[in-house]
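Below is one structure; the comments refer to it alone.
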Amino acid sequence: MPSPAELAWLIPVLPLAGACLVGLGLISFNRTINRLRKPVALLLISCVGAAAVLSYAVLAQQLAGAGATEVLFNWASAGTFTLEMGFRVDALGAVMLALVTTIALLVMVYSDGYMAHDKGYVRFFTYLALFSSSMLGLVISPNLLEIYVFWELVGMCSYLLVGFWYDRDGAANAAQKAFVVNRVGDFGLLLGILGLFWATGSFGFEQIGSRLQEAIASGSVSTGVAVLLCLLVFMGPMAKSAQFPLHVWLPDAMEGPTPISALIHAATMVAAGVFLVARLQPVYLPFPQVQLFIAVIGTITLVLGASIALTQMDLKKGLAYSTVSQLGYMMLAMGCGAPVAGMFHLVTHAFFKAMLFLGSGSVIHAMEEVVGHEPVLAQDMRLMGGLRRWMPVTSTTFFIGCLAISGIPPLAGFWSKDEILGQAFGSFPLLWVAGFVTAGMTAFYMFRLYFLTFEGEFRGNDSALQTQLLAAAGKAGDDHGDGHGHSHAEHPHESGWQMAMPLAVLAVPSVLVGLLGVPWNSRFGFLLDPHEAAEVAEHFSWGEFLPLAGASVTISVVGISVAVLAYALRKLDLGAAVAGRFPALNAFLANKWYLDDINDKVFVQGSRKLARSVLEVDSKVVDGVVNLTGLVTLGSGEGLKYFETGRAQFYALIVFGGVIALVVLFGALG
C-alpha cells in the first residue's frame, strides 16, 4: 500500500477535481447548479476535508522521522535538455500542507454561514476550492519552474476572489490593483528564475544553491550577478507577501468577502512568499548582502504596517495592516538566517490571524443587521462598541487573538515573535530595536481595535454619525443599507454555528501551538531543521532568554495599558492629542505614508502621460509620414496623368530630354 507521502499528489488534485466539476456544471447548467447550493458546498468541503486528512497523515509520517519524498517525471526534453515535474514532500512542505488545508476547511465551513444569502454562493465555493488547490500545488512543487506555474494560479484566484463582487467599483479596482502590483513582482521573479537557470542549468532548490557557488568559484558567474539574480527572485515574495513598497495591494484586498481576507492573510497568498524564501535558503544563505536586504525590507515593512494601523477606523483594514506588519517580522527572520523562526511565526500567525479576520466578519455580519449592507458603516469601528454583551463567542475569541498577536505568554504569538526578536538581536541589533518598538505598537493598535469594537456603549444607532460617515465617504446619507432607508434591528446578534464554530476551533491552536516551539525544546524546530534546533537547545541560556523575553512582554503590556487608558477608560484622548501636537505625523500615517499618492502620481498618472505622448508621436509623426507619402503619390499621379497623350513622338521627346539631362548631370559631376 502506498505511503501518505507517495499519495501527496492527491492533496491539490482533490480540491481541483471538485472545482472543475462544479465549474463545468456552472458553465453548462448554470441555473440548476446554482439551485444545488448545499450539495455543492458539501462536495467541495468534502474534497478539501479529504485533502486535509491526507495532509495530516503526511505530517504524522514526517513527525515519525520519515525523510523527504520526491517523485519526478520528464515533462519535456530536447537533446540533452530535460525538464522534470512532479512533487516533493518534506518537513517544511508537510507543515504547510496541514496548515493550508486546516485553514481552508474552516474558512469554507464559515463561508456557508457568511455567504448564505449571496447569489454567487456556488461560484464563491468553486473559487475557494480552486484557490486552495493552487496553494497546495505550490507547496509540493519540487522546483522553481513548477512553483512559478502555481504561483500564477494563486494570483489568478486571488484576483477572482478579491473582485468577487465585481459589480462594486471598489472590489473591481482592488482586484485590478492586486493583479498589477503582483505582476511587477512576478516579472522580477520570472527574470530571476530564468537567470538562475542560465547560471546553473537547474530549477531545483539545492542544485541551484550548490551550482551557483561552483559557478562563482570558477569565475563563470560574478558575485554581483549572482546577488542580482537572487534579488530578482525575491521580488516575487516581496509582492505576494506584501513587503514594502509592493504592499499597497493588500489593504485594498479587503473589498472582497471577509472569508477571503482570512484565507489570503493567514495561510495562502501572503504565506506563499515567505514559504518561497524559506525554500530558497540554500540559494540565499551564502550571500550576506541578500540576507541584509531581506532583513531591511522586512523591518521597514513591519514598522510601516504597524504605524498605519494606529490610525485605521475600518476594522478589516486595521487587521490588514497588522498582517503587513507581521509579514515583515517573518521576512526579518528570513534575513537573519533563521527560516525556522520565520516559518514558526507564519504558522502561529495563521491561526490567530484567521480567527481575527473571521471574528471581524462575524462582527460585520452582525452590524449589517443594524446599519444595512453599506461597508462604510458596517466596518467602521466608530459605529460599534459594546458588542461583547451580544456576541460572547466572537468577543472572547477576538480577545484571545489580540493577546496572541500582542505577544503575551503563554499564547502562540509570544513564542514565535520572541524567537524572531532574539535572532534579530544577535544578527542586526538596530533592526531588533525597530522590531521591539513595533511589538509595543502592535499591542496598542490591536487592543484599540478590541475596545472600540466590543467595549463601551453601542453607537450603531446614531443616525447623525451614520450620515456623517456616509458624507465623508461621498455617499448619499438618506437611503443606505438595504435600500429602504431603515435599520433591521436595534442591536447586533451572535452569528450562527457555522461561523462561531471555526472561531472556537481556531482559538485552541492560537493558545497552545506556540508551546511546540519553546526554545529549550522546540519540537517545531526539530521537525524542520534538527541540527539547528539541537544547537539552539544546547546553547539555550535562561540568562539570555529572560531579559529579552521580559523586555518584549513589558513593551507589549505598556502598549495594552495605553490602549486601556485611551479607549477603555477614556482617560486619554490620544487621537486629538497626537493630531493637535503632531499634525504632520498624523496626516502622514492617516495617508498611509503617502505611498498610494506617490504611486498614483508617478506610475498611474506618469504612464498616462507617457501614453498621451506616444499617441501624439503616433498621430503626428507616424501618421504624418504615412499621410504625406499618400499625398505625394496622389499629387505625382495627378501631375503625370497629363503626360499620357498617346502620341509616340511625345514619348520619344521625353526620353530624349531625359537622356540629355543625364549626360549634362554626369558631365557636371565628372
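The values are calculated or read from the model by the stated rules, or taken from the named source; none is laboratory data. Just so we're clear, the structure is a prediction, and the values are computed from it rather than from any experiment. Note: ideal-geometry Cβ built from the backbone for every residue, glycine included; neighbour counts use all protein chains shown. Areas reflect the complete protein model, heavy atoms only, side chains present, ligands, DNA and RNA absent. Shrake-Rupley method; radii C 1.70, N 1.55, O 1.52, S 1.80 Å.
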note = Taking the chain and counting helices only, DSSP H stretches of n ≥ 4 at -39,500 (n - 2.57) each over all residues, the nearest-500 ellipticity at 222 nm comes to -23500 deg cm²/dmol
ask   = To the nearest 0.05, how large is the calculated FRET efficiency for Val508 and Asp618 if R₀ is 51 Å and r is the Cβ-Cβ distance?
value = 0.20
request  = Return the carbon/sulfur percentage of the accessible area of region 163-322, one whole number, probe 1.4 Å, all protein chains in place.
outcome  = 67
message = If I model a spin label at Lys609 and Asp118 as a point 7 Å from the Cα along the Cα→Cβ vector, what separation in nanometres do I get?
response = 4.0
task = Using every Cα-Cα pair within region 32-93, state what percent have a distance larger than 14 Å.
result = 72
inquiry  = Let's test this: bin the Cα-Cα distances of the chain at 10 Å from zero up to the farthest pair and state each bin's percent.
reply    = 3, 14, 24, 24, 15, 7, 4, 3, 3, 2, 1, 0
remark   = Expected vector for region 102-110, Karplus 3J(HN,Hα) from phi with 6.51, -1.76, 1.60 and θ = phi - 60°, integer Hz, x for Gly and Pro, equals 5, 5, 4, 5, 5, 5, 5, 5, 4
remark   = Note: Asp462 to Leu36 extended length (0.36 nm per residue) minus current alpha-carbon separation gives 149.3 nm
ask   = Restricting attention to the alpha-carbon atoms of region 584-668, what are Rg (one decimal) and Dmax (integer), both in Å?
value = 30.5, 93
key: Cα-projected label distance for Trp390 with Val663, points at 7 Å along beta-carbon direction, nm   = 11.0
remark   = For Asp600 and Ile654, extending 7 Å from Cα along the Cα-Cβ vector and measuring point to point gives, in nm, a value of 6.6
query = Which whole-angstrom value gives the distance between the alpha carbon centres of region 544-575 and region 591-652?
reply = 66
request  = Write down the accessible area per residue of the chain in Å², having rolled a 1.4 Å probe over the full set of protein chains.
outcome  = 43
inquiry  = Just want to confirm a number: the relative contact order over the chain, from Cα pairs under 8 angstrom separated by 6+ residues, in percent.
reply    = 11
ask   = Along region 528-544, what does the Karplus equation 6.51 cos²θ - 1.76 cosθ + 1.60 (θ = phi - 60°) give for ³J(HN,Hα), rounded to whole Hz, x for Gly and Pro?
value = 7, 8, x, 5, 5, 5, 5, 5, 5, 5, 5, 9, 5, 9, 4, x, 8
task = Show which lysines lie in cross-link reach of Lys353 when reach means a straight Cα distance below 20 angstrom and same-chain residues fewer than eight apart are skipped.
result = Lys240, Lys316, Lys317, Lys417
inquiry  = What is the angle, in °, between the Cα long axis of helix 623-640 and the longest principal axis of the Cα atoms in the chain? Nearest 10 is fine, range 0 to 90.
reply    = 20
query = What FRET efficiency do you get for Ser220 and Met156 if R0 is 30 Å and r is their Cβ-Cβ distance, rounded to the nearest 0.05?
reply = 0.20
task = Enumerate the amide H contacts of Glu84 below 5 Å, restricted to partners 5 or more residues apart or on another chain; note that Pro and chain-start residues carry no placed amide H.
result = Trp75
